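One structure below.
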Amino acid sequence: MSGHRSKRIVVVGCGQAGLQAAISLRQRGHTGPISMIECESTGAYQRPPLSKNFILSKADCSDLAIRKDSFYRDQNIELLTGRLASSIDRARKAVVLSDRSELGYDCLALATGASARPLAVQGSEHAHYLRGFEDALALRTAFRAARQIAIVGGGYIGLELAASARKMGLEVTVLEAADRVLGRVVAPETSRFFAALHRERGALIQLNTAISSIVKSRSGRLLVSCANGFQTEVDVVVAAVGAMPRTELAEVANLDTEGGIVVDVRCRTSDPLIYAAGDCTSQQLQTTGRFSRVESVQNAIAQGNQVAASILELDAPAPDVPWFWSDQYDMKLQIAGLSVGYDRIEVHGEPGDGSFSVAYFRNSALIALDAINRPQDFVRARKAIGHLQQSLAQENKETEVSAQNGAGDGPHQFH
Ligand SMILES: Cc1cc2nc3c(=O)[nH]c(=O)nc-3n(C[C@H](O)[C@H](O)[C@H](O)COP(=O)(O)OP(=O)(O)OC[C@H]3O[C@@H](n4cnc5c(N)ncnc54)[C@H](O)[C@@H]3O)c2cc1C
């Protein structure tokens with residue numbers, strides 16, 4: 001046991017997941033050296049406020065810090081900011097930084113997160129993106145000088161930004177290529193509610209409207225044209241069309257990647273000394289059996305804790321029910337579970353009252369719930385889905401044992 005606790009650990013990425021891995025390592029008794037490599041100029045900070053209150057506030061990055069600078073010193077965690085990890089020498093167990101210096105490891109954790117998906121249209125260089133603090137600062141400055149803006153993408157980040165921009169008095173057009181907003185994550189009932197909310201508050205929501213180009217005029221205004229003929233001229237364009245996992249380091253190291261760094265239930269990659277956590281990972285969901293990427297603070301924290309437990313060879317933390325939230329105007333959307341593969345929904349309450357929930361079932365079992373201003377439904381659903389997860393985990397354990405006894409291998413093998 002003491003051998004595990006003195007290992008030299010290197011964590012690439014000091015975001016929510018990387019920091020949680022380091023916190024958890026220390027909390028669970030790791031005494032050996034921990035180094036964190038972060039290419040941004042600061043330690044971990046909260047990203048969720050960037051699309052919510054931050055744009056409206058005067059807050060600085062230090063206001064969003066997850067831990068104070070003193071935390072890293074007090075916990076004896078070496079934080080190397082402004083440094084990019086550019087490759088991994090697996091044979092020599094070393095991470096190579098962009099300045100060619102190296103850090104040796106006994107165990108390596110990759111927590112490299114995701115980056116904003118770029119727009120693939122002519123003139124995309126004129127668009128703003130939102131992933132990090134610097135992006136949010138640039139956007140805040142641009143919004144303050146603007147009158148009209150276009151947001152490409154009606155997902156969480158696009159809609160949260162739309163609400164913030166309306167609160168600043170801007171004219172907002174949301175361009176969504178699909179036939180409804182939030183289409184990848186919620187049922188049509190929830191989508192309809194949020195589209196109506198934004199329209200009521202004065203935003204123009206254009207559905208079935210895929211952007212095709214952005215042209216900058218001499219005056220600096222941006223002409224946005226769409227495939228269906230819709231056009232609008234604005235001061236600022238923000239692209240909020242999803243995120244892409246940062247797998248480049250894992251790929252050059254020849255680790256398994258498939259829409260994310262592939263990890264098993266204990267966050268182990270295809271190299272026994274390398275673990276991964278957070279937005280950069282692709283993990284098999286207990287509920288569907290499919291490999292998926294979950295982009296949420298809850299997942300980053302749960303996987304960070306899991307990495308620490310795996311490195312220290314301790315019991316896995318109890319599985320948490322995935323959950324997510326989004327704040328738009330005075331509406332709090334809380335989502336428990338993952339609705340992928342649902343076969344039936346039930347709506348409780350009245351969308352017209354601004355307080356209702358949508359429950360998702362598969363084979364009669366509750367697998368997810370969207371609660372809109374109904375926190376009590378959210379809490380109850382988390383509990384119920386937790387029970388289902390536990391019984392599935394138990395079933396999976398039993399299946400694993402029978403597989404080890406000769407029933408054959410699953411699609412992804414680890415070690
Ligand atoms: C605007 C916005 C709003 C959001 N709102 C919500 C919300 O309401 N609720 C919710 O649950 N989630 C929300 N999320 C998602 C949530 O913030 C992420 O799921 C979470 O931050 C993931 O943590 P992570 O550590 O995996 O990745 P990140 O927080 O992205 O951290 C990864 C870090 O790794 C660093 N890095 C990457 N590659 C390298 C390298 N090669 N060398 C050195 N450093 C590297 C990056 O600079 C970054 O700091 C939001 C995200 C954004 C962008």
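Before moving on, here are some points about what is shown:
- Restricting region 266-289 to residues that are at pLDDT below 95 and out of contact with any strand residue (DSSP E or B) (no Cβ under 7 Å at 6 or more places or on another chain), the residue that is nearest to Val11 (Cα to Cα): Gln286
- Residue count, region 52-65 (criterion: surrounded by fewer than 17 Cβ atoms within 10 Å (Cβ to Cβ) and touching a helix residue (DSSP H, G or I) at 6+ places or on another chain (Cβ under 6 Å)): 1
- Yes/no for Ser86 being in a loop (DSSP other than H, G, I, E, B) and open to solvent by 10 Å² or more (accessible area, probe 1.4 Å): no
- Candidates Ser51, Ser35, Ser115, filtered to the one that is modelled with pLDDT of 95 or more, among the polar types (S, T, N, Q) and more than 22 Å from Met244 (Cβ to Cβ): Ser35
- The residues of region 14-51 that are open to solvent by less than 30 Å² (accessible area, probe 1.4 Å) and either in the same structural domain as Ala162 (by TED's automatic domain parsing) or assigned to a loop (DSSP other than H, G, I, E, B) (or both), listed by number, are Cys14, Gly15, Gly29, His30, Gly32, Gly43, Ala44.
- Summed over region 285-320, residues that are open to solvent by 10 Å² or more (accessible area, probe 1.4 Å) and assigned to a loop (DSSP other than H, G, I, E, B) total 18.
- Within the option set Leu108, Leu175, Leu119, Leu161, being within 14 Å of the ligand (Cβ to nearest atom) and closer than 25 Å to Lys52 by Cβ holds for one residue only, Leu161.
So that you can scan it fast, the table gives a plain yes or no per residue for (1) within 16 Å of the chain's Cα centre (by Cα); (2) within 15 Å of the ligand (Cβ to nearest atom):
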{"position": "Asn254", "(1), (2)": "no, no"}
{"position": "Ile274", "(1), (2)": "no, yes"}
{"position": "Phe291", "(1), (2)": "yes, no"}
{"position": "Ala316", "(1), (2)": "no, no"}
{"position": "Trp323", "(1), (2)": "yes, yes"}
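The values are calculated or read from the model by the stated rules, or taken from the named source; none is laboratory data. Because the structure is a prediction, the values reported are computed rather than measured. Please note: Cβ atoms are built from the backbone with ideal geometry, for glycine as well, and neighbour counts cover all protein chains shown. For accessibility, only protein heavy atoms count, side chains too; no ligands or nucleic acids. Shrake-Rupley method; radii C 1.70, N 1.55, O 1.52, S 1.80 Å.
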